[in-house]
1. Which condition does residue 75 not pass, out of (1) closer than 25 Å to residue 142 by Cα; (2) open to solvent by 20 Å² or more (accessible area, probe 1.4 Å); (3) not in a helix (DSSP H, G or I), if it passes all the others?
2. Return yes or no: is residue 199 in contact (Cβ under 8 Å) with a residue 60 or more places away in the chain, open to solvent by less than 30 Å² (accessible area, probe 1.4 Å) and either at positive phi or not charged (D, E, K, R) (or both)?
3. So, residue 4, is that one more than 18 Å from the chain's Cα centre (by Cα), open to solvent by 30 Å² or more (accessible area, probe 1.4 Å) and either modelled with pLDDT of 95 or more or more than 21 Å from residue 167 (Cα to Cα) (or both) or not?
4. Among the residues of segment 174-190, what is the count of those that are touching a residue at least 12 places away in the same chain (Cβ under 8 Å) and either hydroxyl-bearing (Ser, Thr, Tyr) or under 18 Å from residue 107 (Cβ atoms) (or both)?
5. Would a scan of segment 25-46 turn up a residue that is out of contact with any strand residue (DSSP E or B) (no Cβ under 6 Å at 6 or more places or on another chain), surrounded by fewer than 19 Cβ atoms within 10 Å (Cβ to Cβ), among the acidic types (Asp, Glu) and not in a helix (DSSP H, G or I)?
6. Kindly indicate which of 115, 71 is in contact with a Ser or Thr (Cβ under 7 Å, 6 or more places away or on another chain), of a type in the set (Ser, Thr, Tyr) and touching a residue at least 12 places away in the same chain (Cβ under 8 Å).
7. Being at pLDDT below 95 and open to solvent by less than 20 Å² (accessible area, probe 1.4 Å) narrows it down to one of 154, 158, so name that one.
8. Go through 102, 163, 98 for me and flag whichever is part of a helix (DSSP H, G or I), open to solvent by 30 Å² or more (accessible area, probe 1.4 Å) and in contact with a Phe, Trp or Tyr (Cβ under 6 Å, 6 or more places away or on another chain).
Amino acid sequence: MTSVSIWRLCLAEAIGTFVLVFAGTGAIVVNDVSAGSITHVGIALTFGLVVMAMIYALGDISGCHINPAATLAFWAARRFPGKLVAPFMASQIVGALLASLLLRTLFEHPTLGATLPAGSAWQSFVLEVVITTVLMFVALSVSTGAKEKGIMAGAAIGAVVALGAMVAGPICGASMNPARSLAPAIVSGNLADLWIYIAAPLVGSLLAVGGCRGVRANCCQGGTCES
């Protein structure tokens with residue numbers, strides 16, 4: 001990662017997060033304005049497919065975290081330098097905000113795809129922690145160092161994103177990504193429950209590091225992933 005300038009790393013993260021939020025939350029918006037033509041399953045698949053595509057496109061550059069929770073997980077696993085945590089997270093948030101701003105110029109929509117709890121805040125918080133833990137556990141297990149790359153990494157991570165969205169999406173929105181939730185919430189003004197979608201993915205990412213350390217020797221303690 002040190003062979004690539006920090007500006008290119010951050011640009012890759014901004015682009016990847018922009019595409020994720022534009023496609024994913026855009027699918028929610030288009031589904032609402034087109035009388036449900038995409039459907040819940042279609043939205044879930046959109047999130048999974050765009051994550052997979054971005055990993056294959058950018059994984060060899062920045063690792064394609066495109067998610068502050070992923071950056072936190074790789075740092076906690078001692079597989080990512082601390083000096084890059086803040087620049088990566090800032091780039092991810094900027095990319096997400098640009099996507100939501102573009103969607104606002106294209107559509108009249110009350111939430112712009114913001115994640116909102118259908119039930120209690122506690123229920124959504126727990127669901128977000130669980131699905132983020134699973135996602136980050138898989139990401140840590142199939143990645144190389146701090147990079148999500150390889151023949152199957154994109155497919156595995158994209159599949160978990162899609163499955164999490166299918167199962168938990170109708171209840172909690174299935175964010176698993178603070179940047180994905182922060183941007184549409186800010187741009188649309190839906191801030192009341194935003195804390196859930198910032199705190200829960202970060203908690204889930206740290207739990208995933210603990211789980212990874214428990215089943216893989218050295219994998220989440222700065223070493224290579226081996227059983």
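The values are calculated or read from the model by the stated rules, or taken from the named source; none is laboratory data. For clarity, every value in this text was computed on a predicted model and none was experimentally measured. Glycine gets a Cβ as well: all are built from the backbone with ideal geometry, and neighbour counts include every protein chain shown. Remember, those area values only see protein heavy atoms, side chains included, never the ligands or the DNA or RNA. Shrake-Rupley method; radii C 1.70, N 1.55, O 1.52, S 1.80 Å.
1. Only one criterion is unmet by residue 75, namely (3).
2. So residue 199 does not fit the description; no.
3. The answer is yes for residue 4.
4. Number satisfying all stated conditions: 10.
5. No.
6. Residue meeting the stated conditions: 115.
7. Within the list 154, 158, the selection yields 154.
8. Values: 102 fails: in contact with a Phe, Trp or Tyr (Cβ under 6 Å, 6 or more places away or on another chain); 163 fails: in contact with a Phe, Trp or Tyr (Cβ under 6 Å, 6 or more places away or on another chain).
Criteria check complete, one pass: 98.
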